[in-house]
Amino acid sequence: MNPEFERNLWLEAAPRRIAWAAVAVGVIYGLTAISATRSPDLLATALATAGAVVFGACGLVWGARAAGGAVLNEIGDRTWDFQRLSALAPWAMTWGKLLGAASLAWLCALTGVLVVGVSLAWQGRPDALTTPLFMIALALLIQAICMAAALVGVRKARAEGRTARSAGVAGGLLIGVVLLFGVATSEGFQRGAGLSDLSRLFASKGEVAWWGLTVPASSFRLLATAAFAAWALAGAWRLMRLELQMQGAPVVWPAFLVFLAAFAGGLVYPEAGLPAAQLAGALVCALCAYAAAFAEPADRVRLRLFAAAVVRRTWARALRMAPAAIAPVLLAILLTAKAFATAAITRHWAIEPQLWQAAGLLAFMIRDLGVVAFHRFGPRPQRGDFGAVLTLALLYLAGGILGGMFGHDGGALFAPLPGPPGFSLGSGAVQAVVAWWLAARRIRAPEASAAA
Amino acid sequence: MIDVRDVVYDYPTLRALHGVSCTVEAGAVLALVGPNGAGKSTLMRCIAALDAPTEGTITVAGLDTQADPRAVHAALGYLPDFFGLYDELSIRRSLTYAARSRGVADAVVAEAVDLAAARVQLSDRLDQRAGELSRGLRQRLAIAQTIVHRPRVLLLDEPAAGLDPEARRSLSDLILKLAADGMTIVVSSHILAELEDYSTRMLMIRDGRVAGGGVVAAGGGARDEARVRATFADPPADLEARLVALGVAVERRTGDAVVIALAPGEDAAALLARLVKADLRICAYEPVTRTLEDAYMAQAPR
């Protein structure tokens, strides 16, 4: 047996704990059954609801907390270095922690999955099989994301000279999701890409069209969740490799970006055409660039090594040291260029105004990444994330106010809004140069810039 | 066994190691000494392949820490200055997990657990929970976890911190036993007396740089051929003046004992004869043994 899994079982799934959990879950289902004996249908519905609640509480909340804590508790208990020195392979360490730390949570959650599946089958529902499978995939996805977030938190904290804490990681995860959701659903960001169609994922009724394929929504939801769970596991494994000091070519992250771009593009494609699908892919890559800029440790030593490797043209080392935001930025630019090239050939759009705005969006994205780098590489990196968010909010607020005062022409100087051709692009490019010049000063000589 | 070449380590706003180089021979017990904040722990973590140096290379048992960190992890045991244990696990389960996670074959895990427990004198407590152990016993368990896979190199960072005198004595005995088994051991501390009993070599780190002459002999009870300690019975009030009049170089006096530096080429026996002839009553006369502190102080000003 995987030693890490076994150790977690010793700690988490001791017979006494299992017995107490069995009693608690049994009481919940028993009380539900007693309270809904008027008709078999009512009983099935009530039990399905109880099963879903048990699953949500145990598989999604308790399991996610346990998966994240599997690493953070080791840090807090000062046992992490001992584990990093073990002979366990990264994958064994990843799944041993993931399933082991959440083993009791999984046992309880699986009763919920079973009850939901049986209840749906009893009611003759067609999704009696896909829904339980979706629940399992969803729990895996959430737990793997939490473990990956914890590993990201550990690396960030180490670079910032502090200890990673579960509250900090959970807070960062939540704020990150809210920010990305806010940007993704903003009108300016979605312009022309039709990203709102991602909402289809959250409802499993009817059918979903994806790259021209029409698939039952419940099946699509299951497959998509399973695919993202697999990517989340791959991400956690990759981060675990880094924690164990193992280096390698960065394959998983770019591969995930390509998958994500294709996934998002597929949802847009049937209605809006290929250029819009490519733009949708570019937009989700741009979002990933923001996520990467905040998630990666503010490690100026690593950046210096990257710069040195580029200068020496030792590309293998440069690839290993490359900041994570570079890949999504390049992919976003590439997909945007491809979208306009496709549109020009297929005469899909009136290209020019869209092109200016897309180029403006990219310029502002690069400026924003510079602002993030400027704050995160400052003398007090612990406050870098907050400072970056605040500055970006102020910059866009200024754009909104000026836009309100002078119309889109003024606002286009501070945000990628429609306006005279080149306004947003020119302003964004100038601001990007300034932001990156300031960031570069800090990365090269933090003490000097702090004193200044 | 350990070869450190031009190692530089940068924290985000601070250079912790400035081109450190040293070599530790197989079987040596190296005292890594220096003031707090000198870079000892950083160097140890780099040797343990837990942190990658910004520049330079480190090989442990012929394995490059950056090219093959996992093989280095398998070849060594490392006990950090602040360590934790799985408080809810028994000593047996803690050691079983340590052995299995360090790649000990399943067939010999039980044997490895028993051996490690015996080495740290925990055999009679195998079913006790780690959380119930005293500070000294926790230290022993941590060391047992570190050596359960029989590493070739053992790195101990401030291992005696917080231990009572009895526990320190047990730790010294254990390190001597492990060294006798052929293990190469690096022990860091800023308290030299801790290292006195077992160190054969010494490396001083100061401000992130190797101070003194690199890895040097630690002292460890070796005779100092240039000095003797004479203890006088009823020493006269003008003892030091009389010694100076005899042309004897007094290095220091502690109570009735005086440390005398021999003149170049002077024989200790001849000096003794001169002292007796001068009617000075001597009750003890012995060559001075070099302590680790002597070695440290000799290197410090360089």
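Looking at the range A:222-241, which of its residues are out of contact with any Gly (no Cβ under 9 Å at 6 or more places or on another chain) and either of a type in the set (Asp, Glu) or open to solvent by 40 Å² or more (accessible area, probe 1.4 Å) (or both)?
Scanning the range A:222-241 gives A:Leu223, A:Ala226, A:Phe228, A:Ala230, A:Trp231, A:Trp237.
When only residues in the range A:108-118 that are buried (at least 18 other Cβ atoms within 10 Å of the Cβ) and among the hydrophobic types (A, V, I, L, M, F, W, C) count, which is nearest to the chain's Cα centre (by Cα)?
Let us first name the residues in the range A:108-118 that are buried (at least 18 other Cβ atoms within 10 Å of the Cβ), namely A:108-113, A:115-117.
When the remaining residues are screened for being among the hydrophobic types (A, V, I, L, M, F, W, C), the result is A:108-110, A:113, A:115-116.
On the way: A:Cys108: 27, A:Ala109: 24, A:Leu110: 25, A:Val113: 25, A:Val115: 30, A:Val116: 28 Å.
So, considering only residues that are buried (at least 18 other Cβ atoms within 10 Å of the Cβ) and among the hydrophobic types (A, V, I, L, M, F, W, C), the one nearest to the chain's Cα centre (by Cα) is A:Ala109.
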- Task: Please specify each residue of the range B:155-167 satisfying the condition of being open to solvent by less than 10 Å² (accessible area, probe 1.4 Å) and more than 12 Å from chain A (Cβ to nearest Cβ).
- Result: B:Leu156, B:Pro159, B:Ala160
- State which residue is nearest to the other protein chains (Cβ to nearest Cβ) when the search covers only the range B:132-141 and only residues that are surrounded by fewer than 23 Cβ atoms within 10 Å (Cβ to Cβ) and either hydrophobic (A, V, I, L, M, F, W, C) or part of a helix (DSSP H, G or I) (or both). B:Arg138
- If we only count helices (runs of 4 or more DSSP H) wholly inside the range B:26-131, which ones have 2 or more residues that are open to solvent by less than 10 Å² (accessible area, probe 1.4 Å) and touching a Pro at 6+ places or on another chain (Cβ under 9 Å)? B:40-47, B:91-101
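Restricted to the range B:239-272, and to residues that are part of a loop (DSSP other than H, G, I, E, B) and on the phi < 0 side of the Ramachandran plot, which residue is surrounded by the fewest Cβ atoms within 10 Å (Cβ to Cβ)? First the steps, then the outcome.
So in the range B:239-272, the residues part of a loop (DSSP other than H, G, I, E, B) come out as B:246-248, B:255-256, B:262-267.
If we keep only those that are on the phi < 0 side of the Ramachandran plot too, we end up with B:246, B:248, B:256, B:262-264, B:266-267.
Working: B:Leu246: 13, B:Val248: 21, B:Asp256: 14, B:Leu262: 19, B:Ala263: 12, B:Pro264: 6, B:Glu266: 17, B:Asp267: 10.
Result: B:Pro264.
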- Identify all residues within the range B:152-207 that are modelled with pLDDT under 80, farther than 25 Å from B:Gly39 by Cβ and small (Gly, Ala, Ser); write none if there are none. B:Ala167
- the range A:294-320, subset within 28 Å of A:Leu361 (Cβ to Cβ) and open to solvent by less than 30 Å² (accessible area, probe 1.4 Å), residue nearest to the other protein chains (Cβ to nearest Cβ): A:Ala298
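Would you kindly identify the helices (runs of 4 or more DSSP H) lying entirely within the range A:1-65 that contain at least 1 residues that are within 14 Å of another protein chain (Cβ to nearest Cβ), open to solvent by less than 20 Å² (accessible area, probe 1.4 Å) and of a type outside the set (Phe, Trp, Tyr)? Explain how you work it out, then say what you get.
Working: elements: A:3-12, A:15-35, A:40-55.
The helices (runs of 4 or more DSSP H) meeting that bar are A:3-12.
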- Query: Of all residues in the range B:1-25 being part of a strand (DSSP E or B) and of a type in the set (Val, Ile, Thr), which is farthest from the other protein chains (Cβ to nearest Cβ)?
  - Reply: B:Thr23
- Name the residues in the range A:66-107 that are more than 21 Å from B:Ala74 (Cβ to Cβ), open to solvent by 20 Å² or more (accessible area, probe 1.4 Å) and not in a helix (DSSP H, G or I), would you? A:Asp77, A:Arg78
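The values are calculated or read from the model by the stated rules, or taken from the named source; none is laboratory data. No experiment lies behind these values; they were computed from the predicted model shown. All Cβ positions, glycine included, derive from the backbone under ideal geometry; neighbour counts span all protein chains shown. These area figures cover heavy atoms from the full protein model, side chains too; ligands, DNA and RNA do not enter into them. Shrake-Rupley method; radii C 1.70, N 1.55, O 1.52, S 1.80 Å.
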